[in-house]
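K.L.:
Here's a structure for you.
The values are calculated or read from the model by the stated rules, or taken from the named source; none is laboratory data. Please read all numbers here as calculations on a predicted model, not as lab measurements. Note that each Cβ is placed from the backbone with ideal geometry, even for glycine, and that neighbours are counted across all protein chains shown.
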Amino acid sequence: MSQTEETSVTSSQTTAPPTDESGAVPPAIRAAASWSWRMLLIGAFIAAALWLFTLLKTIVIPVAVALLLTIMLTPVRRVLNERLRLPRGLSAGLSLIGLIVVVAGLVTLAGQSIANGFADLTAQAISGFEELWAQVSATFGLQDQLNSYSQDILDQLEAQQGAIVSGALGAAATAGSLLVGALIALFCTFFFLHDPRGIWTWIVGLLPLSSRERVNQAGRRGAVTLAAYTRTQILVAAVDAVGIGIGAVFFVPTLALPIGILVFVGSFVPVVGAIATGAIAVVVVLVSNGWVAALIMLGVVLLVQQIESHALQPFLMGHAVSLHPVAVILAVAAGSYAAGIVGALFAVPLAAVLNTVILYLNGHDKFPELGDEDALPIRWRAADAPPIPLRLRRTPGVMAETAVTDVGVDEDRDPSEGGQKR
């Protein structure tokens, strides 16, 4: 073959189109496809988690409530345990009993206030409704239509007796589920207070050795975020309850305490809860004292909401959970859509904890002052137990003797020495 022919063959080989088909796909398309299948997997995981939550909500919800109660009661347990020198189990039990006593006392006081003021409120409401209806009927001649509607309602009630009975049975089953959930929440709260580190160590110990310490440190920071959110939300709810309750004292003094308790509980659902409970307070004042008093009460509610939204939420809640108000509203909306009131209640703390944990796992530590010296102990030994000498297999045929004190040692114990593996 001549030199010219060789050059021709070489140039034809170098200019031939690539046989790899991926080279024909633009990089942007490849990147979009890569992101797409990852997002699909994440969406499938979230859907599976929601399905599992729906299936096990009788257990998951009480455990979540127990976590919040544990965060609230931990300072009380520490005072009893560390300052008063009470045993840890007794401190946890007294903290839980104190919570039950406080809740029972508030419910009793609210029940008495409702019993004292509801009769007068009911009479005023019925009287006002009858007067309004008499005026409307006289003006538009609706008395005959009212009698017809009343008969239709009675006929519908007689036709739906079976549905009413089944609904009552369903309400009884729901009450049973609530009782079981309350018992689970109290049981879990006691053990979360009594041995939180042991439970967390057992959970993290189920993970591979290489990821235990990172998960432990991420979990510590998530717990700090949850504690900050809980304390801040208690303060915000207390401000809402006191402000609206003081306003209600001037119009419905016998119902001011129940309204304050209702506002306090409802304020744990960010944004939505305080608005809904404030609206209930306005309606109660409207029924009992008329339009002028209701407008004044509405002004009080709006003033309290402005203080919350412009002073408390941006500074306290924003610093505690580092979530933008838009993220808070979207989290509440998504939680309420997925799981109703329970979802709205736990959406923001869950989002805050996930934000802290994911940021830490990606290299951004929101709480660097915590450090990483708090390593987890070995699951089958107490945290304060003295070190014990063990023979560890480092290389085949070579045995070394060391002392195992924490999770930083990642070799297995030698079965020939009578030890057990982690």
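K.L.:
Kindly indicate whether Val342 is out of contact with any strand residue (DSSP E or B) (no Cβ under 8 Å at 6 or more places or on another chain), of a type outside the set (S, T, N, Q), more than 16 Å from Leu50 (Cβ to Cβ) and in a helix (DSSP H, G or I).
P.N.:
Spelling it out, it is not the case that Val342 is out of contact with any strand residue (DSSP E or B) (no Cβ under 8 Å at 6 or more places or on another chain), of a type outside the set (S, T, N, Q), more than 16 Å from Leu50 (Cβ to Cβ) and in a helix (DSSP H, G or I).
K.L.:
In segment 345-372, what residues are charged (D, E, K, R) and part of a helix (DSSP H, G or I)?
P.N.:
Glu369
K.L.:
Regarding segment 246-264, can at least one residue be identified that is touching a Phe, Trp or Tyr at 6+ places or on another chain (Cβ under 6 Å), in contact (Cβ under 8 Å) with a residue 60 or more places away in the chain and not acidic (Asp, Glu)?
P.N.:
Scanning segment 246-264 turns up no residue that is touching a Phe, Trp or Tyr at 6+ places or on another chain (Cβ under 6 Å), in contact (Cβ under 8 Å) with a residue 60 or more places away in the chain and not acidic (Asp, Glu).
K.L.:
Run down Val242, Val321, Val348, Val304 and say which single residue is in contact (Cβ under 8 Å) with a residue 12 or more places away in the chain, surrounded by 19 or more Cβ atoms within 10 Å (Cβ to Cβ) and more than 30 Å from Ala49 (Cα to Cα).
P.N.:
Just one listed residue meets the conditions, Val304.
K.L.:
Of the residues in segment 260-299, how many are over 19 Å from Ile341 (Cα atoms) and assigned to a helix (DSSP H, G or I)?
P.N.:
Residues that pass the stated criteria total 19.
Okay, residues lined up against (1) charged (D, E, K, R); (2) within 24 Å of Val357 (Cβ to Cβ):
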site: Ala218; (1), (2): no, yes
site: Arg221; (1), (2): yes, yes
site: Leu226; (1), (2): no, yes
site: Val239; (1), (2): no, no
site: Val242; (1), (2): no, no
site: Phe250; (1), (2): no, no
site: Gly273; (1), (2): no, no
site: Gly278; (1), (2): no, no
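K.L.:
Okay, moving on. It is to be established whether one or more residues within segment 249-263 are modelled with pLDDT of 85 or more, touching a helix residue (DSSP H, G or I) at 6+ places or on another chain (Cβ under 6 Å) and under 21 Å from Ile329 (Cβ atoms).
P.N.:
yes
K.L.:
In addition: I'm told Ser211 meets every condition in (1) in contact (Cβ under 8 Å) with a residue 12 or more places away in the chain; (2) outside any loop (DSSP other than H, G, I, E, B) except one. Can you identify the failing condition by its number?
P.N.:
Status for Ser211: all satisfied but (1).
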